[in-house]
Amino acid sequence: MSLGHPAPPQASRTVDVSRLLALSSEGASLILGVFIVTNVVFTISTIHTLETRWPAYVAAVIVSAAGVLLARPHPDPFPLRDSLLVVAAVVVSTLLISWTLPTEGSPGRASWHLGSNTWLLWFLILRGRTGLAWAAAGAMAAITMVWTATTGRSALTGLTMVDTQLGLLVVATLFVTSLRRTAHRINELTERSVDAAAAAATAEAGRQVRLQRAAEVATATMPFLRRIADGAPLDTQERASIREAEARLRDSVRGRALATPAVLDAATAARARGVDVTLLDDRGAGLDSGDAMARVDDAVASALAAASGTVTVRLLPPDREEAVTIVAIDGDHVTRTVLDQAGNTTAA
(Lines give C-alpha, C1' and ligand atoms only; values in the text may rest on other atoms or scores of the structure.)
Protein backbone atom coordinates (compact mmCIF):
# COMPACT_ATOMS: atom_id res chain seq x y z
CA MET A 1 0.00 0.00 0.00
CA SER A 2 2.46 2.59 -1.17
CA LEU A 3 1.54 6.19 -0.55
CA GLY A 4 4.75 7.87 -1.61
CA HIS A 5 6.41 7.76 1.81
CA PRO A 6 10.07 6.82 1.72
CA ALA A 7 10.78 3.40 3.11
CA PRO A 8 13.02 3.39 6.18
CA PRO A 9 16.50 1.95 5.94
CA GLN A 10 16.60 -1.81 6.14
CA ALA A 11 18.61 -4.71 4.84
CA SER A 12 17.58 -4.95 1.21
CA ARG A 13 17.61 -8.75 1.16
CA THR A 14 15.54 -9.27 4.35
CA VAL A 15 12.00 -10.52 3.76
CA ASP A 16 9.16 -9.93 6.24
CA VAL A 17 5.40 -10.48 5.92
CA SER A 18 4.79 -6.98 4.55
CA ARG A 19 7.33 -7.48 1.78
CA LEU A 20 6.15 -11.03 1.15
CA LEU A 21 2.60 -9.75 0.52
CA ALA A 22 3.87 -6.71 -1.42
CA LEU A 23 2.02 -4.27 0.84
CA SER A 24 3.87 -1.41 -0.84
CA SER A 25 2.73 -2.37 -4.34
CA GLU A 26 0.29 -0.55 -6.62
CA GLY A 27 -2.21 -3.35 -6.12
CA ALA A 28 -2.16 -2.75 -2.37
CA SER A 29 -2.70 0.96 -2.99
CA LEU A 30 -5.75 0.09 -5.09
CA ILE A 31 -7.14 -2.02 -2.24
CA LEU A 32 -6.64 0.92 0.13
CA GLY A 33 -8.55 3.15 -2.27
CA VAL A 34 -11.42 0.65 -2.42
CA PHE A 35 -11.43 0.51 1.40
CA ILE A 36 -11.79 4.28 1.70
CA VAL A 37 -14.49 4.47 -0.99
CA THR A 38 -16.39 1.63 0.68
CA ASN A 39 -16.36 3.47 4.01
CA VAL A 40 -17.75 6.59 2.35
CA VAL A 41 -20.43 4.68 0.43
CA PHE A 42 -21.65 2.76 3.48
CA THR A 43 -21.68 5.92 5.58
CA ILE A 44 -23.72 7.92 3.04
CA SER A 45 -26.08 5.09 2.14
CA THR A 46 -26.99 4.31 5.77
CA ILE A 47 -26.86 7.79 7.26
CA HIS A 48 -30.66 8.13 7.20
CA THR A 49 -31.02 5.20 9.63
CA LEU A 50 -28.95 6.84 12.36
CA GLU A 51 -30.35 8.93 15.19
CA THR A 52 -27.39 11.33 15.02
CA ARG A 53 -25.47 11.70 11.79
CA TRP A 54 -22.24 13.57 12.51
CA PRO A 55 -20.55 10.72 14.50
CA ALA A 56 -20.74 8.48 11.40
CA TYR A 57 -18.99 11.06 9.24
CA VAL A 58 -16.27 11.56 11.86
CA ALA A 59 -15.86 7.78 12.23
CA ALA A 60 -15.52 7.37 8.46
CA VAL A 61 -12.72 9.94 8.41
CA ILE A 62 -10.95 8.35 11.41
CA VAL A 63 -11.14 4.79 10.05
CA SER A 64 -10.01 5.83 6.57
CA ALA A 65 -7.11 7.85 8.01
CA ALA A 66 -6.09 4.81 10.07
CA GLY A 67 -6.04 2.77 6.86
CA VAL A 68 -3.75 5.32 5.23
CA LEU A 69 -1.48 5.27 8.30
CA LEU A 70 -1.40 1.49 8.36
CA ALA A 71 -0.32 1.49 4.72
CA ARG A 72 2.88 3.40 5.51
CA PRO A 73 5.94 1.45 4.30
CA HIS A 74 7.93 0.17 7.27
CA PRO A 75 9.68 -3.09 8.19
CA ASP A 76 7.76 -5.42 10.49
CA PRO A 77 6.80 -4.98 13.23
CA PHE A 78 4.82 -1.80 12.56
CA PRO A 79 5.90 1.16 14.76
CA LEU A 80 4.32 1.01 18.23
CA ARG A 81 3.11 4.62 18.17
CA ASP A 82 1.35 4.18 14.83
CA SER A 83 -0.07 0.84 15.97
CA LEU A 84 -1.57 2.52 19.04
CA LEU A 85 -3.13 5.16 16.79
CA VAL A 86 -4.79 2.38 14.76
CA VAL A 87 -6.09 0.80 17.98
CA ALA A 88 -7.41 4.19 19.08
CA ALA A 89 -9.17 4.61 15.72
CA VAL A 90 -10.93 1.27 16.20
CA VAL A 91 -12.07 2.13 19.73
CA VAL A 92 -13.14 5.71 18.95
CA SER A 93 -15.04 4.80 15.77
CA THR A 94 -16.90 2.03 17.63
CA LEU A 95 -17.86 4.45 20.42
CA LEU A 96 -18.99 7.09 17.93
CA ILE A 97 -21.25 4.86 15.86
CA SER A 98 -22.62 2.34 18.35
CA TRP A 99 -25.01 4.66 20.22
CA THR A 100 -26.31 6.20 16.99
CA LEU A 101 -27.44 2.83 15.55
CA PRO A 102 -31.12 1.86 15.49
CA THR A 103 -32.17 0.23 18.76
CA GLU A 104 -34.63 -2.14 17.08
CA GLY A 105 -33.97 -4.73 14.44
CA SER A 106 -30.67 -5.45 12.77
CA PRO A 107 -28.46 -2.42 12.14
CA GLY A 108 -27.38 -3.94 8.83
CA ARG A 109 -24.88 -1.91 6.83
CA ALA A 110 -25.13 0.92 9.32
CA SER A 111 -22.67 -1.04 11.47
CA TRP A 112 -20.09 -0.90 8.67
CA HIS A 113 -17.47 0.18 11.17
CA LEU A 114 -17.21 -3.39 12.51
CA GLY A 115 -16.07 -4.74 9.14
CA SER A 116 -13.80 -1.78 8.43
CA ASN A 117 -12.18 -2.00 11.85
CA THR A 118 -11.66 -5.72 11.34
CA TRP A 119 -9.87 -4.89 8.09
CA LEU A 120 -7.58 -2.55 10.01
CA LEU A 121 -6.89 -5.17 12.66
CA TRP A 122 -6.29 -7.85 10.04
CA PHE A 123 -3.46 -5.83 8.55
CA LEU A 124 -2.20 -4.82 11.99
CA ILE A 125 -1.76 -8.53 12.66
CA LEU A 126 0.00 -8.98 9.33
CA ARG A 127 2.36 -6.17 10.26
CA GLY A 128 3.51 -7.86 13.45
CA ARG A 129 1.21 -6.36 16.11
CA THR A 130 -0.98 -9.34 16.91
CA GLY A 131 -1.35 -8.57 20.63
CA LEU A 132 -2.48 -4.98 20.04
CA ALA A 133 -4.87 -6.10 17.30
CA TRP A 134 -6.56 -8.58 19.61
CA ALA A 135 -6.72 -6.02 22.40
CA ALA A 136 -8.49 -3.63 20.03
CA ALA A 137 -10.82 -6.43 18.88
CA GLY A 138 -11.68 -7.16 22.51
CA ALA A 139 -12.41 -3.48 23.11
CA MET A 140 -14.61 -3.33 19.99
CA ALA A 141 -16.52 -6.43 21.11
CA ALA A 142 -16.92 -5.10 24.66
CA ILE A 143 -18.25 -1.72 23.44
CA THR A 144 -20.70 -3.45 21.12
CA MET A 145 -21.93 -5.73 23.92
CA VAL A 146 -22.34 -2.78 26.29
CA TRP A 147 -24.35 -0.95 23.62
CA THR A 148 -26.73 -3.86 23.09
CA ALA A 149 -27.08 -4.35 26.85
CA THR A 150 -27.96 -0.67 27.39
CA THR A 151 -30.46 -0.52 24.54
CA GLY A 152 -32.80 -3.27 25.63
CA ARG A 153 -30.93 -6.25 24.18
CA SER A 154 -28.65 -8.81 25.73
CA ALA A 155 -24.87 -8.63 25.71
CA LEU A 156 -24.95 -11.91 23.76
CA THR A 157 -26.62 -10.04 20.91
CA GLY A 158 -23.64 -7.71 20.76
CA LEU A 159 -21.30 -10.68 20.74
CA THR A 160 -23.12 -12.21 17.77
CA MET A 161 -22.58 -8.93 15.91
CA VAL A 162 -18.80 -9.35 16.15
CA ASP A 163 -18.37 -13.12 16.17
CA THR A 164 -17.69 -13.20 12.44
CA GLN A 165 -15.14 -10.40 12.82
CA LEU A 166 -13.37 -12.29 15.60
CA GLY A 167 -13.31 -15.41 13.44
CA LEU A 168 -11.63 -13.44 10.65
CA LEU A 169 -8.96 -12.29 13.09
CA VAL A 170 -8.33 -15.91 14.10
CA VAL A 171 -7.75 -16.69 10.42
CA ALA A 172 -5.42 -13.68 10.15
CA THR A 173 -3.42 -14.84 13.18
CA LEU A 174 -2.99 -18.36 11.78
CA PHE A 175 -2.22 -16.96 8.33
CA VAL A 176 0.48 -14.59 9.52
CA THR A 177 2.08 -17.35 11.63
CA SER A 178 2.50 -19.44 8.51
CA LEU A 179 3.78 -16.47 6.52
CA ARG A 180 6.37 -15.64 9.17
CA ARG A 181 7.71 -19.18 9.01
CA THR A 182 7.94 -18.85 5.23
CA ALA A 183 9.68 -15.47 5.49
CA HIS A 184 12.11 -16.92 8.04
CA ARG A 185 12.98 -19.80 5.71
CA ILE A 186 13.43 -17.39 2.79
CA ASN A 187 15.76 -15.22 4.88
CA GLU A 188 17.77 -18.26 5.96
CA LEU A 189 18.17 -19.42 2.36
CA THR A 190 19.08 -15.90 1.25
CA GLU A 191 21.66 -15.56 4.01
CA ARG A 192 23.19 -18.90 3.10
CA SER A 193 23.40 -17.97 -0.57
CA VAL A 194 24.98 -14.61 0.27
CA ASP A 195 27.49 -16.27 2.61
CA ALA A 196 28.29 -18.87 -0.02
CA ALA A 197 28.80 -16.17 -2.66
CA ALA A 198 31.01 -14.17 -0.28
CA ALA A 199 33.07 -17.26 0.55
CA ALA A 200 33.45 -18.06 -3.14
CA ALA A 201 34.48 -14.48 -3.88
CA THR A 202 37.01 -14.54 -1.04
CA ALA A 203 38.42 -17.85 -2.24
CA GLU A 204 38.67 -16.54 -5.79
CA ALA A 205 40.34 -13.34 -4.61
CA GLY A 206 42.83 -15.40 -2.62
CA ARG A 207 43.49 -17.58 -5.64
CA GLN A 208 44.10 -14.54 -7.82
CA VAL A 209 46.49 -13.11 -5.23
CA ARG A 210 48.39 -16.39 -5.11
CA LEU A 211 48.58 -16.51 -8.88
CA GLN A 212 49.81 -12.93 -8.97
CA ARG A 213 52.41 -13.62 -6.29
CA ALA A 214 53.53 -16.74 -8.12
CA ALA A 215 53.89 -14.76 -11.34
CA GLU A 216 55.89 -12.06 -9.53
CA VAL A 217 58.19 -14.66 -7.98
CA ALA A 218 58.65 -16.37 -11.32
CA THR A 219 59.44 -13.09 -13.04
CA ALA A 220 61.97 -12.15 -10.36
CA THR A 221 63.71 -15.52 -10.02
CA MET A 222 63.43 -17.51 -13.24
CA PRO A 223 66.23 -15.68 -15.09
CA PHE A 224 68.58 -16.29 -12.16
CA LEU A 225 67.51 -19.92 -11.76
CA ARG A 226 68.15 -20.55 -15.46
CA ARG A 227 71.52 -18.87 -15.14
CA ILE A 228 72.44 -21.05 -12.14
CA ALA A 229 71.17 -24.15 -13.95
CA ASP A 230 73.62 -23.45 -16.79
CA GLY A 231 76.43 -24.43 -14.43
CA ALA A 232 78.75 -21.66 -15.55
CA PRO A 233 80.55 -19.65 -12.85
CA LEU A 234 78.73 -16.49 -11.69
CA ASP A 235 80.50 -13.18 -11.80
CA THR A 236 80.39 -10.57 -9.03
CA GLN A 237 77.60 -8.55 -10.64
CA GLU A 238 75.41 -11.62 -11.08
CA ARG A 239 75.94 -12.68 -7.47
CA ALA A 240 74.97 -9.18 -6.30
CA SER A 241 71.83 -9.27 -8.45
CA ILE A 242 70.85 -12.68 -7.05
CA ARG A 243 71.36 -11.46 -3.47
CA GLU A 244 69.21 -8.41 -4.26
CA ALA A 245 66.42 -10.58 -5.71
CA GLU A 246 66.58 -12.90 -2.70
CA ALA A 247 66.36 -9.94 -0.30
CA ARG A 248 63.34 -8.52 -2.13
CA LEU A 249 61.57 -11.87 -2.00
CA ARG A 250 62.31 -12.18 1.73
CA ASP A 251 61.01 -8.65 2.30
CA SER A 252 57.80 -9.39 0.41
CA VAL A 253 57.19 -12.53 2.50
CA ARG A 254 58.23 -11.25 5.93
CA GLY A 255 57.46 -7.58 5.39
CA ARG A 256 54.16 -7.92 3.45
CA ALA A 257 52.36 -4.58 4.02
CA LEU A 258 55.71 -2.84 4.52
CA ALA A 259 57.02 -4.12 1.19
CA THR A 260 55.91 -1.14 -0.90
CA PRO A 261 57.97 -0.09 -3.94
CA ALA A 262 59.39 2.95 -2.10
CA VAL A 263 60.48 0.90 0.91
CA LEU A 264 61.87 -1.94 -1.20
CA ASP A 265 63.91 0.51 -3.28
CA ALA A 266 65.22 2.18 -0.13
CA ALA A 267 66.07 -1.22 1.39
CA THR A 268 67.92 -2.23 -1.79
CA ALA A 269 69.92 0.99 -1.75
CA ALA A 270 70.76 0.54 1.95
CA ARG A 271 71.91 -3.05 1.42
CA ALA A 272 74.12 -1.85 -1.45
CA ARG A 273 75.91 0.31 1.16
CA GLY A 274 76.35 -2.71 3.43
CA VAL A 275 73.38 -2.10 5.76
CA ASP A 276 71.64 -5.21 7.15
CA VAL A 277 67.90 -4.50 6.61
CA THR A 278 65.03 -6.55 8.07
CA LEU A 279 61.34 -5.84 7.35
CA LEU A 280 58.77 -7.53 9.64
CA ASP A 281 54.97 -7.34 9.35
CA ASP A 282 53.27 -8.57 12.56
CA ARG A 283 50.01 -6.82 11.66
CA GLY A 284 49.03 -8.61 8.47
CA ALA A 285 47.64 -5.46 6.86
CA GLY A 286 48.52 -1.84 6.30
CA LEU A 287 47.36 1.07 8.44
CA ASP A 288 43.77 2.24 8.18
CA SER A 289 44.33 5.03 5.67
CA GLY A 290 46.42 5.53 2.58
CA ASP A 291 47.79 8.78 3.97
CA ALA A 292 49.06 6.97 7.07
CA MET A 293 50.84 4.36 4.95
CA ALA A 294 52.35 7.11 2.79
CA ARG A 295 53.81 8.72 5.92
CA VAL A 296 55.16 5.32 7.00
CA ASP A 297 56.81 4.85 3.59
CA ASP A 298 58.46 8.27 3.85
CA ALA A 299 59.69 7.66 7.40
CA VAL A 300 61.07 4.21 6.62
CA ALA A 301 62.74 5.38 3.39
CA SER A 302 64.35 8.32 5.22
CA ALA A 303 65.60 6.07 8.03
CA LEU A 304 67.08 3.59 5.57
CA ALA A 305 68.74 6.34 3.57
CA ALA A 306 70.53 7.61 6.68
CA ALA A 307 71.27 4.21 8.24
CA SER A 308 74.41 2.22 8.66
CA GLY A 309 74.94 -1.03 10.47
CA THR A 310 71.63 -2.82 11.10
CA VAL A 311 68.05 -1.60 10.64
CA THR A 312 64.89 -3.47 11.67
CA VAL A 313 61.50 -2.10 10.62
CA ARG A 314 58.50 -3.72 12.28
CA LEU A 315 54.78 -3.20 11.66
CA LEU A 316 53.18 -3.95 15.04
CA PRO A 317 49.87 -5.76 15.77
CA PRO A 318 46.74 -3.57 15.46
CA ASP A 319 45.84 -3.61 19.18
CA ARG A 320 48.75 -1.36 20.15
CA GLU A 321 49.08 2.40 20.25
CA GLU A 322 52.41 2.14 18.44
CA ALA A 323 52.05 1.13 14.79
CA VAL A 324 55.59 0.97 13.43
CA THR A 325 59.04 0.83 15.03
CA ILE A 326 62.31 1.55 13.23
CA VAL A 327 65.38 0.40 15.18
CA ALA A 328 68.80 1.32 13.80
CA ILE A 329 71.97 -0.09 15.43
CA ASP A 330 75.39 1.16 14.50
CA GLY A 331 77.98 -0.23 16.90
CA ASP A 332 77.00 0.93 20.39
CA HIS A 333 74.65 3.60 19.06
CA VAL A 334 70.94 2.61 18.98
CA THR A 335 68.20 4.77 17.48
CA ARG A 336 64.53 3.86 17.89
CA THR A 337 61.82 5.67 15.94
CA VAL A 338 58.13 5.04 16.67
CA LEU A 339 55.16 5.84 14.41
CA ASP A 340 51.54 5.93 15.64
CA GLN A 341 48.43 4.61 13.89
CA ALA A 342 48.29 7.77 11.76
CA GLY A 343 51.88 7.29 10.61
CA ASN A 344 53.17 10.22 12.63
CA THR A 345 56.41 10.09 14.64
CA THR A 346 55.97 9.87 18.42
CA ALA A 347 58.33 9.74 21.39
CA ALA A 348 60.27 6.50 21.37
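Compute the projected area of the convex hull of the Cα atoms of the range 277-345, averaged over all viewing directions, and report it in nm² to one decimal place.
4.3 nm²
The calculated Kirkwood hydrodynamic radius for the chain is 27.2 Å, given to one decimal from all distinct C-alpha pairs.
With each label modelled as a point 7 angstrom along the Cα→C-beta vector, the Ala196-Arg53 pair spans 6.6 nm.
Given N residues in the range 196-289, what is Rg(Cα) / (2.2 N^0.38 Å)?
1.33
So if I take the alpha carbon set of the range 29-105, get Rg, then get Rh from the Kirkwood formula, what is the Rg over Rh ratio? My calculation of the ratio gives 1.04. Counting only protein heavy atoms and a probe of 1.4 Å, the accessible surface of the chain is 62% carbon and sulfur.
Counted residue by residue at 0.36 nm each, then reduced by the alpha carbon distance between them, the extension gain from Leu234 to Met222 reaches 2.8 nm.
Note on the range 43-69 and the range 304-348: Cα centroid distance 80 Å, given to the nearest whole angstrom.
Using only Cα atoms and rounding to the nearest 10 degrees, what angle (0 to 90) does helix 155-229 make with the longest principal axis of the chain? So the helix axis and the longest Cα principal axis differ by about 10 degrees. A 1.4 Å probe run over the protein chains yields, for the range 206-348, 57 Å² of accessible area per residue, whole-number rounding.
Run the numbers for Ala149 and Val171: contour at 0.36 nm per residue of separation, minus the present Cα-Cα distance, in nm. Please report the intermediate quantities before stating the final value.
On the way: separation 22, 0.36 × 22 = 7.92 nm, distance 2.82 nm.
This chain segment gains 5.1 nm when fully extended.
Counted over all Cα-Cα pairs of the range 110-241, pairs farther apart than 18 Å make up 73 percent. Take the Kirkwood radius over Cα pairs of the range 234-318, plug it into Stokes-Einstein at 37 °C and 0.692 mPa s, and you get 250 µm²/s for translational diffusion.
Rolling a 1.4 angstrom probe over the protein heavy atoms with all chains in place gives the range 24-173 an accessible area of 43 Å² per residue.
The values are calculated or read from the model by the stated rules, or taken from the named source; none is laboratory data. Note that the structure is a prediction, hence the values are computed from the model and not measured. Cβ atoms come from the backbone with ideal geometry, glycine included; neighbour counts cover every protein chain shown. All accessible areas refer to the heavy atoms of the entire protein, side chains included, with ligands and DNA or RNA removed. Shrake-Rupley method; radii C 1.70, N 1.55, O 1.52, S 1.80 Å.
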